[in-house]
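The values are calculated or read from the model by the stated rules, or taken from the named source; none is laboratory data. Everything numeric here is computed off the predicted structure, so don't read it as measured data. Backbone-built Cβ (ideal geometry, glycine too); neighbour counts: all protein chains shown.
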Amino acid sequence: MRASLLVPTLNEGESIGHVLRSFREATESANRTLFARDPVEWELLVIDGASTDGTAERARAEGATVVNEPRKGYGRAYRTGFARATGEVVATLDGDATYPAERVPELLRYLLDHDLDFLSGDRLALLDRKAMTTEHRIGNRLLNLLVRVAYHRFLRPVAGQTIRDSQSGMWVFRRRLLEHLDLTQDGMPFSEELKLEVVIRGFRFEEVPIRYAERWGRPKLSTWRDGRRNFSFLLTKRLRLERELRARARLNAATPEPSPR
Ligand SMILES: Nc1nc2c(ncn2[C@@H]2O[C@H](COP(=O)(O)OP(=O)(O)OP(=O)(O)O)[C@@H](O)[C@H]2O)c(=O)[nH]1
Ligand SMILES: [Mg+2]
């Protein structure tokens, strides 16, 4: 089986080597154990936003293919990366060593064995207080609350009837589902847009608890600016969905029932 690891980076030179090495060690070991019968051939794609700290060189030294994407944004990097990925399955994580790269093979095994479409890491289940600032933690909780309240009618099929960590960036999913999703966001809201699209379109979605560690290197996220953009994205998308649902209901009401013969 072929799979693709995608990592967006913007000046993550301190940590990218460590992330890719941990990932490679875990996949080599899993190919002798969990995947002994059908080893996974991994493609490593680092989508780099014109870093100036040697990120690209370090990623190449670890065997990754570097895709340059100078246009700004976390979502932009993923949309470019998705178009380049060739694996049947895609796995993602940040380049800042916050996510447990060594758990990707185990999550892939879980996705395949449970016949899921999309698996997302839930950082909040096991959160160590040092890994997130207080503002960041409160922001995450508020965004998750908004998802739970505003999207509840779409979230019924999901375990717990909600997305517990809508902002998580560690995913393992079947690449074929991307052609069914409407992904529009270039910035941080991409993370919740992707998960909501997966659930709204009826794909099998689950979350698994993962450890989240303190980031290496300087943050790229601006808590208030990105927080505001995430809130406004969630509200705008929900209003658009409401308009679409009403238009569909009007259409159904206007179409006469076929008369019985
Ligand atoms: N290519 C590219 N990558 C980006 C851009 N912005 C952020 N990234 C990368 O996307 C990943 C997620 O960004 P982070 O800054 O870690 O955001 P976060 O995880 O929400 O916030 P922290 O808790 O501070 O880590 C990291 O690997 C970044 O280097 C960008 O504009 N272009
Ligand atoms: Mg991060």
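A few comments on the model shown:
- Qualifying position, being surrounded by 15 or more Cβ atoms within 10 Å (Cβ to Cβ), among the small types (Gly, Ala, Ser) and modelled with pLDDT of 95 or more, among SER191, SER232: SER191
- Residue satisfying all of: in region 43-81; at pLDDT 95 or above, of a type in the set (A, V, I, L, M) and in contact with a Pro (Cβ under 7 Å, 6 or more places away or on another chain); nearest to GLU12 (Cα to Cα) among these: ILE47
- Looking across region 123-135, the residues that are farther than 21 Å from LEU20 by Cα and surrounded by 16 or more Cβ atoms within 10 Å (Cβ to Cβ) come down to LEU124, LEU127, MET132.
- Within region 151-195, if we keep just the residues that are touching a Leu at 6+ places or on another chain (Cβ under 8 Å) and aliphatic (A, V, I, L, M), the residue that is farthest from ligand 2 (Cβ to nearest atom) turns out to be LEU181.
- Condition check for ARG240: surrounded by fewer than 20 Cβ atoms within 10 Å (Cβ to Cβ), assigned to a helix (DSSP H, G or I), without any contact (Cβ under 8 Å) to a residue 12 or more places away in the chain and more than 14 Å from ligand 1 (Cβ to nearest atom): yes
The rows are residues; the columns are (1) aliphatic (A, V, I, L, M); (2) touching a residue at least 24 places away in the same chain (Cβ under 8 Å).
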{"residue": "PRO189", "(1), (2)": "no, yes"}
{"residue": "GLU193", "(1), (2)": "no, yes"}
{"residue": "VAL199", "(1), (2)": "yes, yes"}
{"residue": "ARG204", "(1), (2)": "no, yes"}
{"residue": "LEU245", "(1), (2)": "yes, no"}
{"residue": "ARG250", "(1), (2)": "no, no"}
{"residue": "ALA254", "(1), (2)": "yes, no"}
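- Among the residues of this structure, ARG109 does not count as one that is basic (Lys, Arg) and within 15 Å of the chain's Cα centre (by Cα).
- Among residues of region 104-140, those that are more than 16 Å from ligand 2 (Cβ to nearest atom), in contact (Cβ under 8 Å) with a residue 12 or more places away in the chain and not aliphatic (A, V, I, L, M), counted: 8
- Selected residue [more than 20 Å from ALA91 (Cβ to Cβ) and touching a helix residue (DSSP H, G or I) at 6+ places or on another chain (Cβ under 6 Å)] from ALA159, ALA150: ALA150
- Screening region 101-220 for strands (runs of 3 or more DSSP E) wholly inside it with 1 or more residues that are within 14 Å of ligand 1 (Cβ to nearest atom) returns the ranges 118-122, 171-174.
- Residue that is surrounded by the most Cβ atoms within 10 Å (Cβ to Cβ) [pool: residues in region 77-100 that are within 16 Å of ligand 2 (Cβ to nearest atom) and among the charged types (D, E, K, R)]: ASP96
- Scan region 21-59 for residues that are among the aromatic types (Phe, Trp, Tyr) and buried (at least 21 other Cβ atoms within 10 Å of the Cβ) and the total you get is 2.
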